[in-house]
Amino acid sequence: MSTEYTERATTGWLKEMGVRFSGKPLGRPAKETPENEERRKADRKRRAKEFGIRNHIEGKFGEGKRAFDLGLVKAKLPETSESWIAAVFFIMNIARQLRHYFFAPLFSEFKTRLRLFLFAKEHYWAFQARAV
């Protein structure tokens, strides 16, 4: 959950719904002591990992809105909206697979040719320097 929603009412509602809040806890931070150092480090590490996962998910939603018009879904019924959203994510997966299977080999060959060109260019100039 985003840190902008960290208020007592929201965290109470999350607790009622059984959702674990992964942001910083409300209130004053605990006093830094050698006894709680391990727990604080573990909490920080867990929060960083969960924010990384959240960033990845939010990035995919952003890609869907930007490139696949996910933000323009205006269906009247909730079931229809869910169907549209599922269809958009299905198309996003197909597009990713197409990029992987069709363009990756072309890019790989381009990288190989570029490496060969750079290698030949480097050795050509090294050979010219020795010849002079």
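Read-outs throughout are calculated quantities, based only on the coordinates presented, and are distinct from any laboratory measurement. Not measured: the values here are computed from a predicted model. Methodologically, a virtual Cβ is constructed for each residue, glycine included, from the backbone with ideal geometry; neighbour enumeration extends over all protein chains shown.
Helix 8-17 versus the longest principal axis of the chain: what is the Cα-based angle in degrees, 0 to 90, to the nearest 10?
Result, in degrees: 90.
If each of Thr80 and Arg99 carries a label point 7 Å out from its Cα toward its Cβ, how far apart are those two points in nm?
Here the modelled spin labels are 3.1 nm apart.
What spacing in nm lies between the two simple spin-label points modelled at Glu58 and Glu16, each 7 Å away from Cα in the Cβ direction?
2.5 nm
With labels modelled as points extended 7 Å from the Cα through the Cβ direction, what inter-label distance (nm, one decimal) is found for Glu32 paired with Phe117?
Reported label-point gap for Glu32 and Phe117 is 5.3 nm.
Within segment 20-43, whose backbone N sits under 15 Å from a point 7 Å along Cα→Cβ of Ala9?
No residue passes the distance filter.
To the nearest whole percent, what portion of all C-alpha pairs in the chain is separated by more than 17 angstrom?
78 percent
Kirkwood hydrodynamic radius of segment 1-67 from all distinct Cα pairs, in Å?
After inverting the mean inverse Cα-Cα distance, the result is 13.9 Å.
Just to verify a number: FRET efficiency for Ala87 and Lys41, C-beta to C-beta distance, R0 = 25 Å, to 0.05?
In this case the efficiency is close to 0.05.
Percent relative contact order of the chain, based on C-alpha pairs within less than 8 angstrom and at least six residues apart? Intermediate values should be presented prior to the final figure.
Details: 34 pairs, mean separation 16.3, N = 132.
About 12 percent, as a whole number.
Where the only charges are on Cβ atoms (+1 Lys, Arg; -1 Asp, Glu), what is the dipole of segment 48-120 about its Cα centre, to the nearest 20 debye?
300 debye
Using a simple charge model, +1 on the beta-carbon of Lys and Arg, -1 on the beta-carbon of Asp and Glu, nothing else, what dipole does the chain show about its Cα centre, in debye to the nearest 20? Present the calculation step by step, with values, prior to reporting the outcome.
On the way: 27 positive and 16 negative charges, 81 e Å.
For the chain, the charge dipole is close to 380 debye.
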